1. Roughly speaking, what % of Cα-Cα pairs in the chain are separated by over 22 Å, rounded to a whole number?
2. Please determine, in degrees from 0 to 90 and to the nearest 10, the orientation of helix 33-45 with respect to the longest principal axis defined by the Cα atoms of the chain, where the helix direction is its Cα long axis.
3. May I ask for the distance between the Cα centers of segment 2-38 and segment 66-82, given as a whole number of Å?
4. Which translational diffusion coefficient, to the nearest whole µm²/s, is obtained for segment 52-93 from the Stokes-Einstein equation, given a Kirkwood hydrodynamic radius over C-alpha pairs, 37 °C and 0.692 mPa s?
5. Once both labels are modelled 7 Å past Cα along the beta-carbon direction, what's the residue 65-residue 53 spacing in nm?
6. Normalise the Cα radius of gyration of segment 1-41 by 2.2 N^0.38 Å (N = residues in it) and let me know the number.
7. Identify which of 48, 70, 59 has the largest mean-square fluctuation in a Gaussian network model of the chain, with springs joining Cα atoms closer than 10 Å.
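Just so it is clear, none of the values below were taken in a lab; they were calculated from the coordinates. Every value quoted in this text rests on a predicted model; they were computed, and no experiment measured them. So basically every Cβ, Gly included, is an ideal-geometry build from the backbone, and we count neighbours across all protein chains shown.
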């Protein structure tokens, strides 16, 4: 079994393979519908990380800024997912 993609370029490559499968469905699909749903649910379940041990050196203002930035990033991910799920898919380069 191949390693789990963890970086944006690796996930993008997996999505590319899945789109290629749509054009030439040979073998098992790289990503099943259940896996897509699980991935979206995992993204929705993500919570802001705690600042960790480095936070001991931060002021309260720095800690608050870290947490606010984390929450804003997660809200953006949910917004982008919601938009992508409710809009027609964009045309891919030359398709």
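1. It works out to 48 percent of all Cα pairs.
2. In the chain, helix 33-45 runs at an angle near 10 degrees to the longest axis.
3. Comparing the Cα centres of segment 2-38 and segment 66-82, I get a distance of 24 Å.
4. Rounded, D is 257 µm²/s.
5. So the two model labels end up 2.4 nm from each other.
6. 1.16
7. 59
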